[in-house]
Structures are given as structure tokens and as C-alpha cells.
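Here is the structure we will look at.
FYI, it's all coordinate maths here, none of it is from the lab. Every value quoted in this text rests on a predicted model; they were computed, and no experiment measured them. Reconstructed Cβ throughout: ideal geometry from the backbone, glycine too, with neighbour counts over all protein chains shown.
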Amino acid sequence: MKEDLMDIICCPLDKHDLDLEVEERDDEEILSGQLVCTECGEVFPIEDGIPNLLPPDMRDEAPA
Amino acid sequence: MRGDGGSGETEGSGRPALADQRGVESVYQPAEDSALLARAVSERVDDGDRTLDVGTGSGFVAATMAEAGADAVGVDVNPLACQQARKRGVTAVRGNLVDPFRDEVFDLVAFNPPYLPTPAEKEWDDWMEHALSGGEDGRRLVDPFLESVGRVLAPDGEALLLVSSLTDPDAVREYARQHGLVGEQIASEKHPYERLVVLRFVRN
């Protein structure tokens, strides 16, 4: 994800701001890291350049 | 048109599984409905608009937005869809409908939802079923979308929703009205078993 995506995303649970913690990035974007809600503290992973902003109870709901 | 062709059959049900009818695997691929929505979207997007494609699937509609000059984002619950959209160059977010987005940030939001009415016992076998099935009344995700999309629309923003005659467009507009959205039909296309329509909603 590009860093300017931060302008439009928020915590899906309470709509508060997210803090970005970068683990790996290239010239253009963040490849891995996490997004942490400044209000509720919920942690949302960024993997392979894609932020996973599903609520935790939907994260593992992968149909077979 | 969806659910045509195919020969597979779901065990015990005596009718083809939706995924088999579709003949593809885990991510919904662009069909007539996507094309109709994409055309409506490309006519309405202006350079520099910030847009969102909900349930982006392969990223087809989001890519159309980007080609029309928009700063486009695709959101999907399906991780495989997010990966496909990203490979296509689309900014992908894994999320549920418009839940992970801030208030009033989008000039245009498009949604080609799962809309085929499906009996409850047939629901949710795999990602493709999820991409096609709209629950008992075909509005499993249409209703929550209409409840929440107004929040993320900019003051002059609009939402474009693709529905089928199978999903009762009038009922969809009435439900939207109850949630502060005014709707009009801006495109329509006849197919053998259904009519596809694009509804445009703005905040009341």
C-alpha cells in the first residue's frame, strides 16, 4: 500500500485514526507492517502490500 | 447475466453449485454486469476523483476508474481477490464493504454485489458462492451497503449500485430512501432471464 492510503483508511471498528508501523517497504509502497488503532489498540496486518482491515472476527472466516 | 452454463452438481441438492455454474474458481471474473457498471462509472468519473470499488473481485471496475483518471481503491473480503486486483495495479484493501474508510472521502463508490437469490441452506460454501449469492432475497450485502455507504460519500459524492430485476430494484431504492439516499436508474440492459440496472444514489 502507498502511504497516502492513510488519508482515507480508518479503524473498521470505531473509525478512529490508525498508526502505521512499517516493517518492509520499497521505493513506492509499504509491503509489510501493521496498522494500529489509536483508540482501541486493535492491530491490523499489512501483508504483501495489502492492508487487512477486516474486523478480527471476520479475518479467519475463509470459505473452503 | 450470472449462473449460466456449467454441468457440476452440488451433492444432494440436485442442482448445480453456483461455482460450478460459473465455471471459474475463487475470484469473480468480469461479466456483463461488470461491463455495464464499468461503462456507467467511466462516464461519471472525473480526473482526480477519489473513488472506491466495493467487492472489487478481479479489480476490473477499479481499473476502469483509474483509466478514467480517478485515484481508485478496491476493497474485497476475499484475500485472493485482493491479490488479483493488486496484480492488475489496483490499490487493494482487504475489508468489509466501506467499513475501513473515513467519513466523506469518496467522490464515487461503485458496487457490483452478489445478488442471486439463494436458499439459506446453500449459502457460503466457498469464495465464488460468496461472490454470487445474495441470500434469500438477493440483498444480503446490498442492504448493509446502503446502510453504510452514505457515511463515506463526499458531500457531492455518488454511489453506483448494480442490481438485477431478480433483486427487485424498487425495493432496493425504497430501502436506500430509508437510509437517507435518493436513487435513480441511470443504465439498464436486458438479458434472457433478467434485466441488469445501474442505480445511482446521492445523499438526501
Check your understanding: What span do the alpha-carbon atoms of the stretch B:146-188 cover on each of the three principal axes, reported in whole Å from largest to smallest?
Key -> 30, 21, 13
Review point. What's the average, rounded to a whole number, of partner chain beta-carbon atoms within 10 Å of each residue's beta-carbon in B:86-99?
Key: 5
Revision key, fill the gap. For the stretch B:80-95, in residue order, the Karplus 3J(HN,Hα) values (coefficients 6.51, -1.76, 1.60; θ = phi - 60°; whole Hz; Gly and Pro = x) are 5, 5, 4, 5, 5, 5, 5, 4, 7, x, 7, 5, 10, 10, 8, x
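Sort B:86-99, A:16-29, B:190-203, B:105-118 for me by packing, meaning the mean count of neighbouring Cβ atoms within 10 Å per residue, highest on top.
Details: B:86-99: 21.2, A:16-29: 12.5, B:190-203: 17.5, B:105-118: 23.8.
My ranking of the peptides, most packed first, is B:105-118, B:86-99, B:190-203, A:16-29.
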Study note, to complete from the structure: When B:Cys82, A:Cys37, A:Cys11 are arranged by how many other beta-carbons sit within 10 Å of their Cβ, fewest first, they go A:Cys37, A:Cys11, B:Cys82
Practice item. For the stretch B:18-203, report the translational diffusion coefficient in µm²/s to the nearest whole number, using Stokes-Einstein at 37 °C, 0.692 mPa s, and a Kirkwood Rh over Cα pairs. Key: 204
Review point. In peptide A:8-16, what is the residue-averaged number of other protein chain Cβ atoms found within 10 Å of each Cβ?
Key: 5
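Whole number please: convex hull volume per residue of the Cα set in the stretch A:3-57, in Å³?
Taking the convex hull of the Cα positions in the stretch A:3-57, it is 68 Å³ per residue.
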Exercise for review: Would you mind giving the mean number of other chain beta-carbons within 10 Å of the Cβ of each residue in A:51-58, as a whole number?
Suggested key: 5
Review point. Rounded to the nearest 5, what is the percent of antiparallel bridges among the DSSP beta bridges in the stretch B:18-203?
Key: 45
Review point. Counting pairs of Cα atoms in the stretch B:125-204, how many percent are more than 20 Å apart?
Key: 33
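Report the antiparallel proportion of the DSSP beta bridges in the protein assembly as shown as a percent, rounded to a multiple of 5. Don't skip to the answer; put the middle values down first.
On the way: 30 of 50 bridges.
Antiparallel: roughly 60 percent of the beta bridges in the protein assembly as shown.
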